[in-house]
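Bear in mind that the values in this text are calculations on the coordinates, not laboratory data. What you see is a predicted model; the values in this text were computed from it and never measured.
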Amino acid sequence: MRNFTHSRHGKLIGLVLPALLPAAALAEPLAFDTQPAPATTVAPTNPLVEPPKLPPGRILLLPFQPANPNDTQPWLGKSIQESMAADLTVAAPDRVVSSTQPAASLDQAIALGKQNDSRYVIVGGFTTVDHVLRVTGQVFDVETGKAVAALKVTGDPSEIFHMEDALALQ
């Protein structure tokens, strides 16, 4: 097991756990198992952490594109999209739609959002330098065309599943 802290929930855990557990239980450092869940697990549940509350409206999730058109792992974009769709569907059931059509520009992403009657569109990309993978993205309001959130995660490509989970939590 490795120690794992997610900045958004680390503070919450630090505030809630002392009130729930006896002092002796907190004497040992907390370690979270970061190994992937078995394939039969739909979504992890944690009574201390609720999925983020999202404003109303349909969310269009586009495939993440490689920054380098000659990338040797183009499948990563579809993997990131599918993982995010699964995680967002838990937080916003019946609101997430995916497209197989990538957007070549912000204008095209907004147009796809309008065609799909979406309030938000999520676009992103990825790049690999040496043995480091960075995934970035943005959430755009389809009506205004303005970015309302940014997404970024960086890590070892072998940790892609953990990176996808962290990205969806943003």
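Values as computed for the structure displayed
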quantity: Under 5 Å, built H, 5+ apart or other chain: amide partners of Gln65; calculated: Gly124, Gly125, Phe126
quantity: Stretch gain in nm, segment Thr100-Val129, where the contour uses 0.36 nm per residue and the Cα spacing is subtracted; calculated: 7.8 nm
quantity: Mean Cα-pair separation over length for the stretch 93-159, i.e. relative contact order, pairs under 8 Å, 6 or more apart, %; calculated: 23 percent
quantity: Note, ³J(HN,Hα) from phi for the stretch 163-170, Karplus 6.51, -1.76, 1.60, rounded to Hz, x at Gly and Pro; calculated: 5, 4, 5, 5, 5, 5, 5, 6
